[in-house]
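The values are calculated or read from the model by the stated rules, or taken from the named source; none is laboratory data. Remember, it's a predicted structure, so these values are computed and weren't measured experimentally. Cβ coordinates were reconstructed from backbone atoms using ideal geometry, including for glycine residues, and neighbour counts include every protein chain displayed. Accessible surface areas use protein heavy atoms only, side chains included; no ligands, DNA or RNA. Shrake-Rupley method; radii C 1.70, N 1.55, O 1.52, S 1.80 Å.
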Amino acid sequence: MSDPAIPPEIADWFAGRDWRVRRHQAEMLAAADSGRHAMLVADTGAGKTLAGFLPTLAAFCPSRLAGAKPPEGLHTLYVSPLKALAHDVQRNLITPVEEMGLELRIETRSGDTPSDRKKRQRARPPHVLLTTPESLSLLLSYPDSFMLFEGLKRVVIDEIHAFATQKRGDLLALALSRLQAIAPEMQRVGLSATVADPEGYRGWLAPWGDLDSVALVEGEEGADPELEILLPDGERVPWGGHAATWAIPQLYRRIAENRTTLVFTNTRFLAEYVFQNLWDANEDNLPIGIHHGSLSKEARRKVEGAMARGELRALVCTASLDLGVDWGDVDLVVQMGAPKGSSRLLQRIGRANHRLDQPSRALLVPGNRFEFLEATAALDAVHEGQRDGEDFRPGGLDVLAQHVMACACAAPFDEAALLAEVRSCLPYAGIDAEALRRVLEFVATGGYALKAYDRFRRIVRDRDGTWRLTHPEQAQRHRLNAGIIVDSEMLDVRFRNGRSLGKVEERFAASLRPGDTFQFAGVNVEVESLRDMELVVRASSKAAMIPSYGGLRLPLTTHLAGRVRELLTDRAGWGRFPDDVREWLEVQDWRSQLPGPDTLLVETFPHAGQHYAVYYTFAGWNANQSLGMLITARMEARGLMPGGFVANDYSLAVWGLKRVDDPAPLLSPDILAEEFSDWVTQSHLLRRAFREVAVIGGLVERQQPGKRKSGRQVTFSTDLIYDVLRKHEPDHVLIEAAWADARAKMTDVARLAEVLDTAAERLDHVVLERVSPLAVPVMVMIGREAVPQGAQDDELLLAAESLEGAAMRVEPLA
């Protein structure tokens, strides 16, 4: 019997496809009918997006309209983290709309949308507009935004976990607050397959933190995924490396056995490297593609189209395809290297089949022994239904400054009213009148140290207390420069005929001479010239060197790190490991000890004429890199003559000319108050952070009418301002914002603090006469950490063999 709340047009459409309206889809419609916001958590393939749109479709069904005309104006906003996802959703929505015969217009809006269409969308909006947080914020900066959004009924936020805890989420939360003020009856909807904290996301969605206003809808359970860890044929799991090149022959066989395979890597470099290795093994000339964020829009769209048409047998990709693009014919997902988190792995697994009632098939390919443990931990977490993710944090002041400008561009505003509006969203619930005043003062004058310069005066306060733009041209400048994503300095790579291949880092391009070759977008190219921020190349048959893109490393989640620790100390569970991995742990247990969940293990030993200390933190590369900087600085101050350090996700190795007899003083919590502050301010960390917040906050413009500044020009401008503010206004609102970013994003100070707290509670120091088995994976990286991973895997194997002989020998030295 059908649900009477489901309009017959929708019920008939489902029945015509031999589908049924699932429980969570009906509950989403019921939540909307009762006037509540909703947070839907459902597996990939469960029809999440359709569930989010069901109330919109229902509102346009003739059976509900009862003879009335369909609603006019903008009815529903759909916000996604990716432009490609919006286009994919548009394609998938048009089918039911047309087949049900609904009078419903659906359009997309992003930075790629032609300007004439953008203008028309504001004058005659579609019923459903699919967009991104940045494009929504720009829409809100126009004076006609009040009329555009006054009839808005719903906002659907897809893949909400992908940005709610980040700055893009801050911008979206502020936009939602403004939309709610314009359209008080507007309903908010969040969709996700992988949130670990549904209650937290209910709080993020809820106006004024009113959890009761947000219904939590949990999807029907789907088929359990079929997961497998690939192991070498007749060989050992490697000690070091990340590219898993040992697996290429086996991976190629799997690709040949399946219709379509998605091969995920954790970095753009590895995507290029794995792609090239697969082509070298491609004796059957199978169509294999590549997709990552540095490729041009045209190249990405071409590959996405080929995948949608079923023309590729495999696609090597990065996080650029983590989210939601629906290719139902993908029958195998491969994760090259460690997944770094159970939610991320689950998201990627969900790209296979994309159907709730059929199991997704996934293959995990560890690059080394620690990655084998991490893959095992992630596999266990997925089977147990455990998720992980980032914690919510206070909103960025630079993002708030950008929102203030958007509001001023739309219309003059009252300070008290804006404060109330801003505080209604979770990221800025703690903002008080003084904090907002500081942000307003910055937007108005640039701050105390910059107020003498007219170019920093963007808004002004009238005598009645109303804030407005200083000049109408400020609105154009804001719209040219607004945005949250600040790319590293990049150059366009083009052929002489103008065809764009994508982008590479400016510092890499600057090191190239005419005639040099490198690999990009899967082809070898030769440099012809570098001019006007463009690297002009031609196709080449010469051997190439591969660029390292210098992109962000995916962080190892705290949840998964804890699971790896548990695997290390669960001796009864070692029986399921390969023989060489089990032997590795057994010899470590015999010769030293294994790091427990609430213990910091530090091993010290001599090697190659120097003294080494290895700290097993499991805090992730970012925190370990920061800890290495701080420990070596403290060693220098104490005369321990450090030689250097190397870090991975699991441990940190530091070496020097003098032995560390007691590591505890090197790990005292005051290191965060002393060495940390000195390091951040004296290095380029704070400058890098300031560059980003200055761009987001609008202090430095990337674009002017008809001209775009190079990354080098932006950096030069921000460095000059940074020096002025550090000297004359060290408490400037953007210096504060830069410090927050330096602590959170660049150094992961929260996890670093956890390591120091653990060391203060329980630090186990083991003195050894030689390198331990557990230390080998990080030791083999010494001298190679700045070299692109993958190309050096063979060298790593040779280095590991020499270390292995000492580490795995169980008898004492003679």
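Some notes on this structure:
- Of all residues in segment 738-764 being outside any helix (DSSP H, G or I) and out of contact with any strand residue (DSSP E or B) (no Cβ under 9 Å at 6 or more places or on another chain), the one that is modelled with the highest pLDDT: Asp748
- Checked against (1) surrounded by fewer than 14 Cβ atoms within 10 Å (Cβ to Cβ); (2) out of contact with any helix residue (DSSP H, G or I) (no Cβ under 9 Å at 6 or more places or on another chain), Asp33 passes all but a single condition, namely (2).
- Filter result for the condition that a residue is under 22 Å from the mean Cα position of the chain (by Cα) and modelled with pLDDT of 85 or more, over Gly389, Gly367: Gly367
- The lone exception for Gly367 - which of (1) of a type outside the set (S, T, N, Q); (2) open to solvent by less than 10 Å² (accessible area, probe 1.4 Å); (3) not in a loop (DSSP other than H, G, I, E, B) it fails: (3)
- Answer residue from segment 208-217, given it is open to solvent by less than 30 Å² (accessible area, probe 1.4 Å) and either basic (Lys, Arg) or touching a Leu at 6+ places or on another chain (Cβ under 8 Å) (or both) and is nearest to Gly45 (Cα to Cα) among those: Val217
- Residue check for Ala244: modelled with pLDDT under 85 and touching a strand residue (DSSP E or B) at 6+ places or on another chain (Cβ under 6 Å): yes
- Of all the listed residues (Ala452, Ala429, Ala482), the sole one being within 26 Å of Lys727 (Cβ to Cβ) and out of contact with any Asp or Glu (no Cβ under 6 Å at 6 or more places or on another chain) is Ala452.
- Taking helices (runs of 4 or more DSSP H) as the structural unit, those lying wholly within segment 371-488 and holding at least 3 residues that are touching a residue at least 12 places away in the same chain (Cβ under 8 Å) and of a type in the set (S, T, N, Q) correspond to 473-481.
- Residues that are touching a Leu at 6+ places or on another chain (Cβ under 7 Å), under 23 Å from Asn285 (Cβ atoms), part of a loop (DSSP other than H, G, I, E, B) and not hydroxyl-bearing (Ser, Thr, Tyr) within segment 253-269 comprise just one, Asn258.
- In segment 581-601, the residues that are open to solvent by less than 20 Å² (accessible area, probe 1.4 Å) and out of contact with any helix residue (DSSP H, G or I) (no Cβ under 8 Å at 6 or more places or on another chain): Leu601
- Among the residues listed as Leu65, Leu104, Leu85, the single one being open to solvent by 10 Å² or more (accessible area, probe 1.4 Å), at pLDDT below 95 and within 20 Å of Leu191 (Cβ to Cβ): Leu104
- Residues of segment 287-302 that are modelled with pLDDT of 85 or more and within 18 Å of Met336 (Cβ to Cβ): Ile288, Gly289, Ile290, His291.
- When Arg236, Arg253, Arg313 are checked against the criterion of being basic (Lys, Arg) and exposed (fewer than 14 other Cβ atoms within 10 Å of the Cβ), a single residue qualifies: Arg253.
- Candidates are the residues of segment 377-386 that are open to solvent by 10 Å² or more (accessible area, probe 1.4 Å) and touching a Leu at 6+ places or on another chain (Cβ under 7 Å); the one that is modelled with the highest pLDDT is Leu379.
- Selected residue (criterion: surrounded by the fewest Cβ atoms within 10 Å (Cβ to Cβ)) from residues of segment 616-663 that are in contact with a Lys or Arg (Cβ under 6 Å, 6 or more places away or on another chain) and assigned to a helix (DSSP H, G or I): Trp621
- So Arg120, is it more than 23 Å from Leu480 (Cβ to Cβ), in a helix (DSSP H, G or I), open to solvent by 10 Å² or more (accessible area, probe 1.4 Å) and of a type outside the set (Ser, Thr, Tyr): no
- Of all residues making up segment 558-572, the number that are more than 33 Å from the chain's Cα centre (by Cα) and closer than 16 Å to Leu379 by Cβ: 0
- Whichever residue in segment 489-503 is part of a loop (DSSP other than H, G, I, E, B) and in contact (Cβ under 8 Å) with a residue 12 or more places away in the chain and, among such residues, is least open to solvent (accessible area, probe 1.4 Å): Glu489
- The residues in segment 415-465 that are surrounded by fewer than 18 Cβ atoms within 10 Å (Cβ to Cβ), more than 25 Å from Asp210 (Cα to Cα), modelled with pLDDT of 95 or more and of a type in the set (A, V, I, L, M) can be counted, and the count is 1.
- Some residue of segment 216-228 being part of a helix (DSSP H, G or I) and either over 30 Å from Arg178 (Cα atoms) or in contact (Cβ under 8 Å) with a residue 40 or more places away in the chain (or both): no
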